[in-house]
Amino acid sequence: MYRLALLKTSWLTAGAFVSLAALLLVSTVSAQTKPAEADSFKTTPLGVRQAHVERMVEDLERKFNQLAQALAKAEPERAQRLADALKQSQALGIKGRMSAITRMLDQQQLDPAKAEEQKILGDIKELLALLLDEKNDKDKIREEFEKLSEWKKQIEAVIQEQKAEKREADRVANKDDTMKSLEAKIKAVEALIEQQKGVIGATEAARNDGIQGLGKVAGEQAKVREGTQSVAEQIGKEAGDKPAEEGNAEGKPGEGKPGEGKPGEGKPGEGKPGEGKPGEGKPGEGKPGEGKPGEGKPGEGKPGEGKPGEGKPGEGKPGEGKPSGGQPGGQPQRPQEAGERPLKQAVENQKQAEANLQEGKGKAAQQDEQTALENLQRALGELKKESQRIASLPPEAFEKMAGKQDDIANQTGKIQEKMKEDEKKGGEGGGQPGGGQPGGESGGGEGGKSKPGQQKVQQAQKSMEQASGDLRKQDPADASRKQGKAIKDLEDALKEIEERLAQLREETQIEKLAKLEARFREMLAVQKDLSARTLVIDKKKIDNMGNLARSDRNTLKSLGEDERGLAIIKQEGQADRVPLAFRAQQALEIILDDGTSVVFPDVVEQLRDDLITVGTLVSDNLRTDGYTQTMQREIEVTLEELIDSLQKAQKQKDGGGGGGGGGGGGGNEPLLPNSAELKLLRAAQLRVNRRTESLELARPAEGEFDDVLKGEVRKVSERQSDIGEMTLKILDRSGK
């Protein structure tokens, strides 16, 4: 809880400044009206009060210094603000000017004292504004988060392009192995084409035999599909895809990049609607001799294009809304290899054919089988063209590869320049608190800590430029090594950025947890007061045989509005009243804005609804009976449970136990851990049980509920249904 304690202490210090300003104001007002009562050499009451303010200034300056030192590592920006406020206070000479005012007041020089106090009051207000610049802090955090997220996205795009370029250099550097691999794939696809033709013939022959005959053909189609999938996976593996541990890799919710496609949806051929139709964007239809099958098609960065990814909109921004086939965890889309896309589409066609065969739909199955055959033929055409291209690479191919490498280096340089420019603007929000980048790299002489990943991006750019030079020397092997180093540096840069993003998320969440706890504590205190007042009026009601005086009825109406109101109640000449339901709605909006919890928001929403229900029972129906009191007590219990959960979550996060999910992979750590949400879910079910029992106790002797309680029965039934949905939500998240 060290960071949280420091945060609270900094607020207390700012609060002391507010008190100081208030005391000064009182002293100034008093100085305007106080008549001269004492000789110049005597101490006056105003002088005594001013001396007290002077001592407060001394105490505050000492606390500023201590707190700034304590916050230096955990909260460097707040520490800097405190240090700035202390320097400004000392530069303004506030302490010495306070002493002078004390002497003026003791000497009855009220007008000069008043004028000086007004000046000091203005100076203190400026210091207070400097201290309470929390909005500026939040803006900085938000801006930093947005910049880091954008850089992360851009670096991921560059990594995919660089991997494609390295793949091309590897092909050229290992020409013989590349040719052998392509020849093996060509033979495998040729065999699959013959097998698919056999399935089509078998389906035609079995159509008259009905579902039994077609069911046997489904087994044959399954074997061909497995072979097709094997070739597609081999191509993906050679392109750098990880083995199909998709369940683990894709289970992380929200990889820190909203809108980049849902993990797990990147099934082969499903990335773009309509890709399974033959004739749409056939990669094999390029002009003979160009060696660029599918040029111009989004996302079809075929290895045979000399300049992987050139001129393809789909490759310029990987990961934007289109999960790549075979790319786990919502990672940006990589360029497709020769034959890869039509093979994946063929697999999908074959799957559909199997399903139709098993259902006895022979005609539909034949259509899918024919489409699968066409896709296999497209794949064969792409593989053959790629083989021809590699076998007869012209001398200018290396220059084209070098040009593409230059483009990637320039993209990387632009990212690095943006990082450097942001650092120059005043990087107090950029470095990681207490240490800058991992590895202790400095900010390149700019006077501040470098941005996370900045040094690695700079190193990657240098390696890319060297790789470009190697390609112009027609040395693809050396170029591949430099490209590999560039990829490694960029991946390290991503890791640094993701660590900082996780840290920002956690710091924001700790602040939200503290804010919610404070809000619920205030609500609990108010609810206890309202419950006590309800009990008092209920006793009056019992004593008066169910009757209430007009004043008590008005009190109940007002009390009910304090429970159920969804807007601040303005009062002329008095402080505004903030109803509990309004406060609950504000808390709910904070939780929904965070967006990482599944049960927590539902529980707070139920709390708000319960407050509205109780307010209606009290205000409209003037009910103060046992059921109403039980509802009020349940609201108190709910608030106590929420406070307890928030306290534990703060301890866990402050102790480092809650941040594991946010690091490395960039996943969003929930505001409350699963265990806490499960406890809230269990508590919600117990509340429904108790509310049901309370309704039964409220049943009249004749056994019929009145209309009000019938409505309550319906609400309890709906609440039980809500809990069922909450259970499914948390089970779904736990399963991921």
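Quick notes on this one:
- For Pro263, the stated conditions hold: it is modelled with pLDDT under 50 and either surrounded by 13 or more Cβ atoms within 10 Å (Cβ to Cβ) or touching a strand residue (DSSP E or B) at 6+ places or on another chain (Cβ under 9 Å) (or both).
- Among residues of the range 638-654 that are under 19 Å from Ala584 (Cβ atoms), those with a beta-carbon under 9 Å from a residue that is of a type in the set (Lys, Arg) at least six positions away or on a different chain give the pairs Thr638/Arg687; Leu639/Arg521; Glu641/Lys679; Ile643/Arg521; Asp644/Lys679; Ser645/Lys679.
- Meets criteria (of a type outside the set (A, V, I, L, M), at pLDDT below 90 and under 23 Å from Ser149 (Cβ atoms)) for Gly444: yes
- Checked against the criteria, Lys485 does not count as over 25 Å from Arg500 (Cβ atoms), out of contact with any Pro (no Cβ under 7 Å at 6 or more places or on another chain) and either surrounded by fewer than 22 Cβ atoms within 10 Å (Cβ to Cβ) or free of Cβ contacts under 8 Å to residues at least 12 places away in the same chain (or both).
- Counting only residues that are surrounded by 14 or more Cβ atoms within 10 Å (Cβ to Cβ) and in contact with a Lys or Arg (Cβ under 8 Å, 6 or more places away or on another chain), the range 715-736 holds 2 of them.
- Candidates are the residues of the range 368-385 that are of a type in the set (A, V, I, L, M, F, W, C) and within 41 Å of the chain's Cα centre (by Cα); the one that is nearest to Glu183 (Cα to Cα) is Ala379.
- Checked against the criterion of being acidic (Asp, Glu), assigned by TED's automatic domain parsing to the domain that holds Asp609, surrounded by 11 or more Cβ atoms within 10 Å (Cβ to Cβ) and over 30 Å from Arg505 (Cβ atoms), the candidates Glu677, Glu669, Glu712 yield just one match: Glu712.
- Close pairs from the range 598-619: first over 16 Å from Leu524 (Cα atoms), partner surrounded by 24 or more Cβ atoms within 10 Å (Cβ to Cβ) and of a type in the set (Phe, Trp, Tyr), Cβ under 6 Å, at least 6 apart: none
- Subset of the range 208-239 [at pLDDT below 75 and touching a Lys or Arg at 6+ places or on another chain (Cβ under 9 Å)]: Asp209
To keep it simple, each residue is scored yes or no on (1) among the aromatic types (Phe, Trp, Tyr); (2) surrounded by fewer than 17 Cβ atoms within 10 Å (Cβ to Cβ); (3) without any contact (Cβ under 8 Å) to a residue 12 or more places away in the chain.
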residue	(1), (2), (3)
Lys152	no, no, no
Lys163	no, no, no
Lys166	no, no, no
Ala169	no, no, no
Asp176	no, yes, yes
Ala184	no, yes, yes
Lys197	no, yes, no
Thr203	no, no, no
Asn208	no, yes, yes
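The values are calculated or read from the model by the stated rules, or taken from the named source; none is laboratory data. It should be emphasised that the depicted structure is a prediction, and the values quoted were computed from it without experimental measurement. No Cβ is skipped: glycine too gets one built from the backbone with ideal geometry, and neighbour counts run over all protein chains shown.
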